[in-house]
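What follows is a single structure, written as structure tokens, with notes after it.
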Number of protein chains: 10
Amino acid sequence: MLYHVHMEVNLPTDMDPQERTELLSREKAYSQGLQHDGKWPHIWRVVGEYANYSVFDVDSNDELHQILSGLPLYPYMTIRVTPLAQHPSDIRAG
Amino acid sequence: MLYHVHMEVNLPTDMDPQERTELLSREKAYSQGLQHDGKWPHIWRVVGEYANYSVFDVDSNDELHQILSGLPLYPYMTIRVTPLAQHPSDIRAG
Amino acid sequence: MLYHVHMEVNLPTDMDPQERTELLSREKAYSQGLQHDGKWPHIWRVVGEYANYSVFDVDSNDELHQILSGLPLYPYMTIRVTPLAQHPSDIRAG
Amino acid sequence: MLYHVHMEVNLPTDMDPQERTELLSREKAYSQGLQHDGKWPHIWRVVGEYANYSVFDVDSNDELHQILSGLPLYPYMTIRVTPLAQHPSDIRAG
Amino acid sequence: MLYHVHMEVNLPTDMDPQERTELLSREKAYSQGLQHDGKWPHIWRVVGEYANYSVFDVDSNDELHQILSGLPLYPYMTIRVTPLAQHPSDIRAG
Amino acid sequence: MLYHVHMEVNLPTDMDPQERTELLSREKAYSQGLQHDGKWPHIWRVVGEYANYSVFDVDSNDELHQILSGLPLYPYMTIRVTPLAQHPSDIRAG
Amino acid sequence: MLYHVHMEVNLPTDMDPQERTELLSREKAYSQGLQHDGKWPHIWRVVGEYANYSVFDVDSNDELHQILSGLPLYPYMTIRVTPLAQHPSDIRAG
Amino acid sequence: MLYHVHMEVNLPTDMDPQERTELLSREKAYSQGLQHDGKWPHIWRVVGEYANYSVFDVDSNDELHQILSGLPLYPYMTIRVTPLAQHPSDIRAG
Amino acid sequence: MLYHVHMEVNLPTDMDPQERTELLSREKAYSQGLQHDGKWPHIWRVVGEYANYSVFDVDSNDELHQILSGLPLYPYMTIRVTPLAQHPSDIRAG
Amino acid sequence: MLYHVHMEVNLPTDMDPQERTELLSREKAYSQGLQHDGKWPHIWRVVGEYANYSVFDVDSNDELHQILSGLPLYPYMTIRVTPLAQHPSDIRAG
């Protein structure tokens, strides 16, 4: 089941550089684990913004919230989730 | 080169049913042609709305505008385009 | 799986009264069928507005879109869907 | 008498962890007490956000304000209240 | 129990003048009846707008919705309702 | 001459408790003095928010600004003022 | 007593040209009468918009509403009124 | 003197095709005349929208308004004008 | 050439009182100098807000930016500039 | 390929003056390098705001993001990117 997710990151500009590096490193590992598991099939950077558009493929709303609230950057993010359905013009439709 | 596109459709509620059917049929054919060509790799319905989130893969801004302004539903749509870049956490990054 | 749905209705003020009555009657029957099936457990009128807050309990995003887009009033509605997860303070949590 | 309530929480990211834990623990106890009393019949987490949609069942506007302003997290919340009325399509309507 | 209500009126500019006069006359009678009953204690015109701020004093959310949805101008109005509580600085507080 | 005023208060969550108590005490005294003088005939708490809707009855725009800018909480408030006129349906109209 | 007023005009594009000319002519005469009386000391066109910023000098909120609601273009306007006070840096302050 | 201008066009979808063609032809000629005169140095299409970003180089606010309000499409446009100044980092700065 | 300017001031509530007094004193002197020079013909306080509506009369966009960016309060302000043209109904029009 | 970019800068008012000077100096050098390379053909100051409208001419979305995210002021900016296409009325169109 697919969801469209917009994430915007607001890190304090005075964050300790090492803490920041470590945080981003954990975020990357967390994201890539989910990508390898097929849970997070798409992630794109919004040009010019510290933000991304992503698509998640999960079994339930609860699973999605568990994943998103576990993001290391979660306390610094503004997230908007939009549930997706199959589009009638999609050539992959049965 | 990828672009995130949000399309919202506002058809007049009193549109002639046959005109509407024909218009939607042309829209579907137009969209599926571009999907088969790889120009429109993703199209998802926003749940509960006459709207979609799409991703386009084209060579230039001009090509994208040519495609979008050629949509049979274009005069009835509100479209917002966001250019996308590769995300540093994307596992497909080189 | 639960979803929070806000529906706002905009009927043309010059709609034929009989057509309007018939449309609202079909809407009511459609809604009550889904309530009896347990798919639409809550529907509340927003005080002072031709709008409602509802909660749906369905198996998938696709099922929800199928239900919503089948509403007789769908062409006259603005709908916003928010996926819900279990709240950690909910006393019904396991 | 029912009210729809949206609560959004903004805790400072640099809050003392113990203070935070204690605060959330008091919030949970406060919420569950009101749930057991039937005053707070529904609470749902908004997927991907530190926010909830709730329904309150109280005797008056004043009682609702007393409850909400007593929330341990109240100073960190943005709250919007919408009064609800019975919907004419509700199968529980007399 | 008090509610703050903002009403904005949008009459079609091409409405039949007699229909308009009659409609406004019914609206005035309806409003004044409720004012005499003490249900609608305050109504003020917003300067420069076809809008008013009002205060209603009713027994329940349902009663308020019944009153508002019965306004002759209701189909032409955008209404926003805000429930009010006693302010701790109000000199009329006990 | 009447004005509709919306006041929203944003006190820093880390304000010194004694300073806060003193500030709110001065605010209350200031408000009640104006209520007793008939300058501030209505003040209502917005349910669930640290905000109020008020009505002021003053002789001029300048007097209103002098009163509002003298509020002890003024530096922490967002205020919006709307001038009011007599509504043609008001039963107190001559 | 001064008020800042923003007026935006939305005339139907299919309005009868003669009706339009006549309406604008009446609007101009109405406006110039008030300018000559000193009630409407400033009127400026917003560059690129069918809108103006104006300043009115009247005795009361009620007088201002009477003036504005009497504008021949009033049914086609969106108006926002802001009451003004003397600025402490104004060199004309006593 | 430079101005940044955003123009959005909303033509009725049921406009007579010949009238539309003629209108667009006049718009193009009007625009190109001003481009040749150096008054309208830049015009870009916003991808996916019936809108443009333009830069005008004129002698005064009044000249700009005269130009914009003379656009054949003016009655169908929403225009926003932003005055521009030389940027201190501009390599063309003296 | 006239411009409409809206300035909103946000001083930190914990600013050193002496620094604040000094800053406001410099702001006042700066403003009054420009008023005496005829560059800043109007300044009005928005009732209930730490904001003003002003009209500037300058020779160019660049001059206006130089003036505004030189305001002692500039780092604490949110400013919006709207270019003005002569209104066709203005009795001072030639 | 052209892009319209709006950049808004929010520097902390209490930033160390030397750090600020250095940062702005690096920003200027970075910007001018790209202007000399033809990548950043236009940069204009928005009158009255710490903001600019710019046009970039780059080969891809990725190149643009690399450029923008490398701005020394990037952590303090809010950026919005709009892809541009050739306008059919542009006299430079082939």
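The values are calculated or read from the model by the stated rules, or taken from the named source; none is laboratory data. Note that the structure is predicted; figures quoted are calculated from it, not measured. Cβ placement follows ideal geometry from the backbone for every residue including glycine, while neighbour counts extend to all protein chains displayed. Accessible surface is based on the protein model in full, side chains and every heavy atom, while ligands, DNA and RNA are left aside. Shrake-Rupley method; radii C 1.70, N 1.55, O 1.52, S 1.80 Å.
Looking only at segment F:66-84, how many residues end up being without any contact (Cβ under 8 Å) to a residue 24 or more places away in the chain and either within 11 Å of the chain's Cα centre (by Cα) or not in a helix (DSSP H, G or I) (or both)? Adding up the residues that qualify gives 2.
Suppose we keep only residues that are more than 25 Å from residue C:61 (Cα to Cα) and crowded, with 22+ Cβ neighbours inside 10 Å within segment B:35-64. Which one would you say is nearest to the chain's Cα centre (by Cα)? Residue satisfying both the conditions and the ranking: B:64.
All of H:63, H:8, H:27, H:19 fail the test of being away from chain I (no Cβ under 14 Å), outside any loop (DSSP other than H, G, I, E, B) and closer than 17 Å to residue G:46 by Cβ, apart from H:8.
Here's the yes/no breakdown for (1) of a type in the set (Ser, Thr, Tyr); (2) touching a Lys or Arg at 6+ places or on another chain (Cβ under 9 Å):
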{"residue": "J:58", "(1), (2)": "no, yes"}
{"residue": "J:62", "(1), (2)": "no, yes"}
{"residue": "J:66", "(1), (2)": "no, no"}
{"residue": "J:72", "(1), (2)": "no, yes"}
{"residue": "J:75", "(1), (2)": "no, no"}
{"residue": "J:82", "(1), (2)": "yes, no"}
{"residue": "J:85", "(1), (2)": "no, yes"}
{"residue": "J:88", "(1), (2)": "no, yes"}
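Residue A:92 falls short on exactly one of the conditions (1) in contact (Cβ under 8 Å) with a residue 12 or more places away in the chain; (2) part of a loop (DSSP other than H, G, I, E, B); (3) of a type in the set (D, E, K, R), and that condition is (1). For segment E:30-50, the set of residues classified as assigned to a loop (DSSP other than H, G, I, E, B) and either touching a Gly at 6+ places or on another chain (Cβ under 6 Å) or of a type outside the set (A, V, I, L, M) (or both) consists of E:37, E:38, E:39, E:40, E:41, E:48, E:49, E:50, listed by residue number.
Against the test of being out of contact with any Leu (no Cβ under 7 Å at 6 or more places or on another chain) and within 22 Å of residue E:65 (Cα to Cα), the options C:36, C:42, C:65 yield a single qualifying residue, C:42. When you check residue E:45 against the structure, is it in contact (Cβ under 8 Å) with a residue 60 or more places away in the chain and within 30 Å of residue G:9 (Cα to Cα), yes or no? Considered against the rule, which asks whether it is in contact (Cβ under 8 Å) with a residue 60 or more places away in the chain and within 30 Å of residue G:9 (Cα to Cα), residue E:45 comes out as no. A residue that is out of contact with any helix residue (DSSP H, G or I) (no Cβ under 7 Å at 6 or more places or on another chain), among the charged types (D, E, K, R) and exposed (fewer than 12 other Cβ atoms within 10 Å of the Cβ) occurs nowhere in segment H:1-9. Determine whether residue F:93 is closer than 30 Å to residue E:23 by Cα and at the interface with another protein chain (Cβ under 9 Å from one of its Cβ atoms). So residue F:93 fails the test. For segment B:66-90, a tally of residues being small (Gly, Ala, Ser), open to solvent by 10 Å² or more (accessible area, probe 1.4 Å) and within 12 Å of chain J (Cβ to nearest Cβ) returns 1.
Residue check: residue F:60 meets all listed conditions (1) over 13 Å from residue E:90 (Cβ atoms); (2) in contact with a Phe, Trp or Tyr (Cβ under 9 Å, 6 or more places away or on another chain) but one, namely (2).
The condition of being within 29 Å of residue I:57 (Cα to Cα) and among the hydroxyl-bearing types (Ser, Thr, Tyr) holds for only one of H:13, H:21, H:82, that being H:82. For segment A:30-59, taking the residues that are in contact with a helix residue (DSSP H, G or I) (Cβ under 6 Å, 6 or more places away or on another chain) and of a type in the set (A, V, I, L, M), the one that is nearest to the other protein chains (Cβ to nearest Cβ) is identified as A:47. Tell me, yes or no, whether segment I:19-34 has at least one residue that is among the β-branched types (Val, Ile, Thr) and open to solvent by 30 Å² or more (accessible area, probe 1.4 Å). Looking for residues that are among the β-branched types (Val, Ile, Thr) and open to solvent by 30 Å² or more (accessible area, probe 1.4 Å), one finds at least one in segment I:19-34, hence yes.
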